[in-house]
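S.K.: Sharing a structure, written as structure tokens. Questions coming.
The values are calculated or read from the model by the stated rules, or taken from the named source; none is laboratory data. Here the structure is a predicted model, which is why all the values come from computation and not from measurement. Here the Cβ is made from the backbone with ideal geometry for all residues, glycine too, and neighbour counts use every protein chain on show.
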């Protein structure tokens, strides 16, 4: 279930990033994502100087991607370690699609 939440967070963050990219291409101006704008505003409310607030916003925007990716990888590693996923069977499925689609635990699929 946690992997599903990670997929949702990744999807929303990806949509936000894509929308900001499209706005930037359309207008020709630097455009911040909604995550960056919101975090920057929160840092300003907490009395951070504007440049520091912007750096905090950018760091959080970048960190969301790394955090969710790291969480998904950690869940997969823990599942392999606990024996919930058999790598030999899982990798065999990836190499030979006739064996079935997806993983035993559902961690790979969104």
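S.K.: Would you mind telling me which numbered condition in (1) part of a helix (DSSP H, G or I); (2) closer than 29 Å to residue 4 by Cα; (3) touching a helix residue (DSSP H, G or I) at 6+ places or on another chain (Cβ under 7 Å) residue 44 fails?
M.R.: (2)
S.K.: Of 6, 83, which residue is on the phi > 0 side of the Ramachandran plot and at pLDDT below 75?
M.R.: 83
S.K.: Here is a further query. Limited to the stretch 19-32, what total is found for residues that are part of a helix (DSSP H, G or I) and within 23 Å of residue 9 (Cβ to Cβ)?
M.R.: Residues that pass the stated criteria total 6.
S.K.: Can you spot a residue in the stretch 33-46 that is over 23 Å from residue 11 (Cβ atoms), modelled with pLDDT of 90 or more and loosely packed, with under 11 Cβ neighbours inside 10 Å?
M.R.: Yes - at least one qualifying residue is present in the stretch 33-46.
Let's see how each residue does on (1) at pLDDT below 70; (2) over 30 Å from residue 44 (Cβ atoms); (3) in a helix (DSSP H, G or I); (4) within 23 Å of the chain's Cα centre (by Cα):
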| position | (1), (2), (3), (4) |
| --- | --- |
| 56 | no, no, yes, yes |
| 62 | no, no, yes, yes |
| 65 | no, no, yes, yes |
| 70 | no, no, yes, yes |
| 73 | no, yes, yes, yes |
| 76 | no, yes, yes, yes |
| 79 | no, yes, yes, yes |
| 89 | yes, yes, yes, no |
| 103 | yes, yes, no, yes |
